[in-house]
Amino acid sequence: MKTIEILEKLICFDTVSANPNLNLINWCAALIEDAGGDVTLIPDPTGKKANLYATIGPKNRAGVMLSGHTDVVPVEGQAWTKPPFKLTLKDGKYFGRGTCDMKGFVASALAAGLNAAKRDLHTPLHLAFSYDEEIGCIGVRSLVDMLRDAPFKPAFCIVGEPTSMQVAVGHKGKMAAKATMIGRAGHSALAPMAVNAIYMAVDFINVLRKVQDQLVIEGAQDSDYSVPYTTLHVGKINAGVALNIVPDRCEVLFEIRSLNEDNPNALMDKLRSHADDVAKRYQSIAPEAAIVIEPTPNTYPGLSTPEEATVVQFVKSLLGANDTMKVAFGTEGGLFSSQLGIPTVVCGPGSMDQGHKPDEFVSIDQLAKCDTMLVNLLARLEEGIT
């Protein structure tokens, strides 16, 4: 099967992160196994989702891993003019949810795997397809655990997130957390005698903004990023029962997206100290007033692969490219690099400018460039050169 035939099928699977991905994974597994590849599925506790890890070629040596996620973001509330779960070609672009982020690469990787099965590879090709990447690289962690105990780990990894087919050597890490404000409830007519947890949240958010301002001026800087410093961001606030009740609880979800040079744990410790100071202002009225900060699971490390690394030069040679870049979004690449020591770059078709939007698309030209890169990769694996 060709890349476009595979992509057409992949787009039809509604693999929004809230939904199962098992139908897609089973279809991919059957495709690879029918071609003679070796497939391992790693199910989640519900049995409704799974990672796929496949090897094509010799199993007794390291190879090159192509990594991609199978889940996509929701389409609800977006003004699509094309059917999101049906591949549509128009004006040299393939439209559909996930075409860019990142079923286009998964389709190209599968096509390469089928092609690899027809060749006498000296070095194996590995395919790694994960679930729940869009909610914080959650699913891939069980695949990482499996590879940690494997007798042979991949020598290199290419994560196929959309980079317009440029070689990306870095992305920021993400640490997500929930801050819970504990105040004291009361009647709104007697509000000064209670402690409003929303007011506590406002004070804490102002602390976040001040720390952000300090990072802009005093923190590490990396001009390779469009936002060259570590960022703090509040994404959600939950509080209140009724207008005439002073809320005694408020939850704030926030994140740190950190440069490799900044320590997110140290930043979190600093925020906890500031949070304690905020809570103390209210303890004269309510001694139980407190702010509790807890990390959430959707946290992952950054990626920082040296420009001179062999994997960088190798992937450049597949593309005929000279330059590298860094991307603003996160990937599973940081986990492969930091937890398994697998040299990793990010390189895939399309631009994240199209990701997560209505009428998401990837161009014919970008898919063709990805296919060419993987054809060149197979030639190198056949020669035994990595």
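The values are calculated or read from the model by the stated rules, or taken from the named source; none is laboratory data. As the structure is a prediction and not an experimental result, all values here were calculated from the model. Glycine also receives a Cβ, built like all others from the backbone with ideal geometry; neighbour counts cover every protein chain displayed. Side chains included, ligands, DNA and RNA excluded: accessible areas come from the protein's heavy atoms. Shrake-Rupley method; radii C 1.70, N 1.55, O 1.52, S 1.80 Å.
Residues in region 196-215 that are surrounded by 14 or more Cβ atoms within 10 Å (Cβ to Cβ) and either at positive phi or within 27 Å of the chain's Cα centre (by Cα) (or both): ILE205, LEU208, VAL211, GLN212, LEU215.
How about region 216-256: which of its residues are of a type in the set (Asp, Glu), touching a residue at least 24 places away in the same chain (Cβ under 8 Å) and either part of a loop (DSSP other than H, G, I, E, B) or open to solvent by 60 Å² or more (accessible area, probe 1.4 Å) (or both)?
The initial filter retains those residues of region 216-256 that are of a type in the set (Asp, Glu), namely 218, 222, 224, 248, 251, 255.
Then keep just the ones that are touching a residue at least 24 places away in the same chain (Cβ under 8 Å); that gives 222, 224, 248, 251, 255.
Scanning region 216-256 gives ASP222, ASP224, ASP248.
Scanning region 115-134 for residues that are open to solvent by less than 20 Å² (accessible area, probe 1.4 Å) and part of a helix (DSSP H, G or I) returns a single hit, ALA116.
Whenever a residue of region 257-281 is within 15 Å of PRO301 (Cα to Cα), its partners that are open to solvent by less than 70 Å² (accessible area, probe 1.4 Å) and part of a helix (DSSP H, G or I), lying with C-beta atoms within less than 6 angstrom and at least six residues away or across chains, give the pairs SER258/PRO264. The number of residues in region 80-111 that are open to solvent by less than 10 Å² (accessible area, probe 1.4 Å) and either over 21 Å from PRO43 (Cβ atoms) or over 16 Å from the mean Cα position of the chain (by Cα) (or both) comes to 13.
Within region 158-177, one or more residues are of a type in the set (Asp, Glu), within 16 Å of GLY68 (Cα to Cα), open to solvent by less than 10 Å² (accessible area, probe 1.4 Å) and in contact with a strand residue (DSSP E or B) (Cβ under 7 Å, 6 or more places away or on another chain). Does LYS9 satisfy the condition of being without any contact (Cβ under 8 Å) to a residue 40 or more places away in the chain, among the basic types (Lys, Arg) and in contact with a Pro (Cβ under 6 Å, 6 or more places away or on another chain)? No; evaluated as a whole, the condition is false for this residue.
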